[in-house]
Each structure stands twice: as structure tokens, then as C-alpha cells.
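Asker: Take a look at this one; I'll ask things after.
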Amino acid sequence: MNIMSPMAQPRLLVRDQKIFANSLDVAKAFGKQHLHVLEKIRTLDVPEDFNQSNFRSVEYRDAKGEMRPSIDMTRDGFTILTMGFTGKRAMEFKLAYIAEFNRMEKKLRKSGEWQQARAEGKRTRLEETDTIKSFVEYARSQGSKHADKYYMNLTRMENKALFVLEKGLPKPNNIREILDMFQLQSLAVADRLVTKAIEEGMNDGLHYKEIFHRAKEKVIALSLVIGQTPLDRLPLNQGAIQ
């Protein structure tokens, strides 16, 4: 027997400035098996262009660490899917989801500030990568055999210090497009701290490992002040429903 979860705030995702519900969350909310929801989506009698515009396949990592399929859906996709979900409780969930779509769409329309924060983040990231490029050559001159990895190591260090990824979800490839305003601003500050630490360390002639350590200390200190924030579910691979 399907048992609906207690009424809670519907969970929606913003990807590429579009709002989606995910099949995992819909299945949980409506008390249905996820496999049944996936099958329902794949057998919807809708035109192919509607399918491609309103559903897309993503993957997530389950509790065992294995990759599993799920499906993101737009408001229209959600509406078509849940037309067959009947009953008073189902109607309450559908109305709650629609209200949340409305709320987030309104918020997204006012996201000019987010675009500005993203643009500023791109500038600070470019400055940081230019500095890291110099740092790579600096580390090589001091005998580092794996200096190229500092691009990845510094990025991972910042992300790990500032963000928490929900257990069982995939690690992001590029998180910046899905960060909220506060997260974008926090990451921009971390980028600037790293840039300054590297530049000062090279000017002082410090060993490259000490420079990395100082940059890490500054980002961790920032994290202790502002706290870590969670990242939402992120797709590893995505595409139209087959």
C-alpha cells in the first residue's frame, strides 16, 4: 500500500535558470515507488517535443554508492504526470507543488541580482585562475612534480570548506550555476582570499606548500565565520527521456 509522507514544503530545483521537480521527491511526497513514477513518465502519451521540453534524465548516487536514474520535470511535466494521482491527499500535494512553482518562478524573475553576483563571481574566479597559473609555475620552480593539480586542489578545498553535499548525492561538476546569492558571494570572497594568499606568499618567497596551507587556513577561517551551506541534488549526466 502506498503511504504518503507528511505534508512538507515541496522540494524544487533550479538548473540553468529553470525550475524542476525531481521524480525522487515526487515519488516520496505522493507515497509511490520511484520505479513506478519513472515508468509512468516514460509511458505518458505526449508528443515528443513536449517530452523533450518538460522531462530530462539525470542520475544520482544511492545509499550504496551506485548510480541510479531519476527524471527532472518542469511545472507542465509535473502537471501532466500527476493528473492521474487521485484522492484528497494527492490533491493537497499537487496544490502545494503548484504554489511552490509559483513562488519560485516569481523569485526567479527577480533574479537580476543573482546574475550580477554570478558575473562578479566569474571575474573573481578568472583573477584567481590567473594567479593559480603563476603559482603552478612557481611550484614547479621549487621542484613540485604535480603542480598542475593545484587548479583542482584549490577548487576542491574551497568547495569542501564552504558547502555540504547531502549524503548519497553525486558530487557536482560545476556548482557555480546552481548556487544561491549567499553561496555565490561566499565563494567570491573565498576566491579573493586564495588569490591574495598566493600572491603574498610568492612575493615573500615562501615554499609552495606553505602558500597552499595559508590559503586553506584563510578559507577555513571564512567558513567558520559564515558557516557551511548545503548543495542541492545535481545531475552527473542529463538528457531527454528515451
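Please treat every number below as a calculation from the coordinates, not as lab data. Predicted, not measured: the structure shown is a model, and the values here were computed from it. Cβ sites come from the backbone with ideal geometry, for glycine too, and all protein chains shown count toward neighbours.
Asker: Expressed as an acute angle from 0 to 90° and rounded to the nearest 10, what is the orientation of the C-alpha long axis of helix 208-226 relative to the principal long axis of the chain?
Answerer: Its long axis makes an angle of about 50 degrees.
Asker: Putting +1 on Lys and Arg Cβ atoms and -1 on Asp and Glu Cβ atoms, find which of 184, 19, 206 reaches farthest to the positive end of the dipole of the chain.
Answerer: 19
Asker: Dipole size in debye (nearest 20) for the chain around its Cα centre, Lys and Arg Cβ +1, Asp and Glu Cβ -1?
Answerer: Numbers: 40 positive and 32 negative charges, 102 e Å.
For this selection, approximately 500 debye.
Asker: Quick one: net charge of residue 78's neighbours, Cβ under 11 Å, K/R +1, D/E -1? Before the final figure, lay out each step's value.
Answerer: Values: positive: 75, 94; negative: 25, 72, 76, 100.
For residues surrounding residue 78, the net value is -2.
Asker: Angle between the Cα long axis of helix 112-141 and the longest principal axis of the chain, 0 to 90 degrees, nearest 10?
Answerer: Between the helix axis and the principal axis of the chain, the angle is about 40 degrees.
Asker: While we're looking at this one, here's another question. Let's test the formula: R0 of 35 Å, r as the Cβ-Cβ distance of residue 88 and residue 50. What FRET efficiency results, to the nearest 0.05? Write down the numbers at each step before the final one.
Answerer: Values: r = 29 Å, r/R0 = 0.82.
Here the calculated transfer efficiency is 0.75.
Asker: Nearest 10 degrees is fine. How inclined is helix 181-203 to the longest principal axis of the chain, computing both from alpha carbons?
Answerer: Taking Cα atoms only, the helix is inclined about 20 degrees.
Asker: Rounded to the nearest 0.05, what FRET efficiency is calculated for residue 160 and residue 16 with R0 set to 30 Å and r the Cβ-Cβ distance?
Answerer: 0.75
Asker: Normalised by the empirical 2.2 N^0.38 Å for globular proteins, what value does the Cα Rg of the range 104-156 take? All intermediate terms of the calculation are to be shown ahead of the outcome.
Answerer: On the way: Rg = 16.9 Å, N = 53, 2.2 N^0.38 = 9.9 Å.
Taking the Cα Rg and dividing by 2.2 N^0.38 Å, one obtains 1.70.
Asker: While we're here: With a bin width of 5 angstrom, please list the P(r) values of the range 112-231 as percents of all Cα-Cα pairs, from the 0 bin to the one holding the largest distance.
Answerer: Pair shares across the bins are 2, 11, 22, 22, 19, 12, 8, 3, 0, 0.
Asker: Considering just Cα atoms, how many Å³ per residue does the convex hull of the range 31-147 enclose?
Answerer: Working: hull volume 22.3 nm³, N = 117.
In the range 31-147, the Cα hull volume divided by residue count equals 190 Å³.
Asker: If I take R0 = 25 Å and measure r between the Cβ atoms of residue 182 and residue 213 in this structure, what FRET efficiency does the formula 1/(1 + (r/R0)^6) give, to the nearest 0.05?
Answerer: Working: r = 27 Å, r/R0 = 1.08.
Here the calculated transfer efficiency is 0.40.
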